[in-house]
1. Within 10 Å of each residue's Cβ, count the other Cβ atoms and sort Leu105, Leu171, Leu135 from fewest upward.
2. For Asp37 and Arg120, compute 0.36 nm times the residue count separating them, minus their Cα-Cα distance, and round to one decimal in nm.
3. Give me Lys78, Lys44, Lys21 ranked fewest to most by other Cβ atoms within 10 Å of their Cβ, as a rough exposure proxy.
4. In whole Hz and in residue order, list the ³J(HN,Hα) couplings for the stretch 17-32 that follow from phi through the Karplus curve 6.51 cos²θ - 1.76 cosθ + 1.60, θ = phi - 60°; x for Gly and Pro.
5. Report the Cα centroid-to-centroid distance between the stretch 67-86 and the stretch 93-149 in angstrom, as an integer.
6. Once every DSSP H run of n ≥ 4 in the chain is given -39500 (n - 2.57) and the sum is divided by its residues, what mean residue ellipticity at 222 nm do you get, rounded to the nearest 500 deg cm²/dmol?
7. Fewest to most neighbouring Cβ within 10 Å: what's the order for Phe177, Phe172?
8. Could you calculate the FRET efficiency of Ile113 with Ala47 from 1/(1 + (r/R0)^6), where r is the beta carbon distance between them and R0 is 22 Å, rounded to 0.05?
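Nothing in this text is a laboratory measurement; each read-out follows from the coordinates by a stated rule. Please read all numbers here as calculations on a predicted model, not as lab measurements. We place every Cβ from the backbone using ideal geometry, glycine too, and count neighbours over all the protein chains shown.
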Amino acid sequence: MAACLYIERALFVVGAQNTGKSTQIRSMFRDQRLGTDGVIPDAKRIAETYYLSHDRRLYVRITSPNEWGESLKEFLDKTESKTGPGRWCIVSPLQPLPEKSMPGLLEAVQGFIRRFSPERIRVCFLSPDYSGNMLSASADLNINALVDSLWQLPEVECVFIDARSRTQNGLFLADFFDFT
């Protein structure tokens, strides 16, 4: 029997462009399990795959598919090609509103669920972002309606994190992938 791809958990760090999503994801490397002795890598590119245990790996994406100009299909195809057979978790930045070819957050999460059927998804909204700006309802974004819609998906939980610190949320984010 051939091994198949199984994505157990997905963590989406959500904010507008240039609000600190990749910085928050990098801060996860404070966790010793990711093999950097708690040192946050500052290189522009980092490895994409890390072992969480003998049989479970983590795919880390630093740049949002919105910023790469990917469509939802391209994002999902890339996720599948970067993971492969076995048990996986992923972390990726996303933007709340449609940008370039990528749909808004709700449609992206729904598409991810249809494609991979993960056990859990955590959506971490950056509010305040690294500059101290709050993610609030605007003409383009009704954050309350978005969260309410996400909560209708049984796999999804939503949290808001204060992203003004470059490092303080790292262990909180990494703990989502603690299976002990």
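1. Numbers: Leu105 23, Leu171 15, Leu135 20.
Ranked by crowding around the Cβ, least crowded first: Leu171, Leu135, Leu105.
2. Working: separation 83, 0.36 × 83 = 29.88 nm, distance 2.74 nm.
So the chain would gain 27.1 nm between Asp37 and Arg120.
3. Fewest to most other Cβ atoms nearby, the residues stand as Lys44, Lys78, Lys21.
4. 4, 6, 10, x, 4, 5, 4, 5, 5, 4, 5, 4, 6, 4, 6, 4
5. 17
6. Working: 6 runs with 49 residues, N = 180.
Taking each H run of at least 4 residues, the total per residue is -7500 deg cm²/dmol.
7. Working: Phe177 22, Phe172 16.
Result, fewest neighbours first: Phe172, Phe177.
8. Working: r = 27 Å, r/R0 = 1.21.
The pair Ile113/Ala47 has a calculated efficiency of 0.25.
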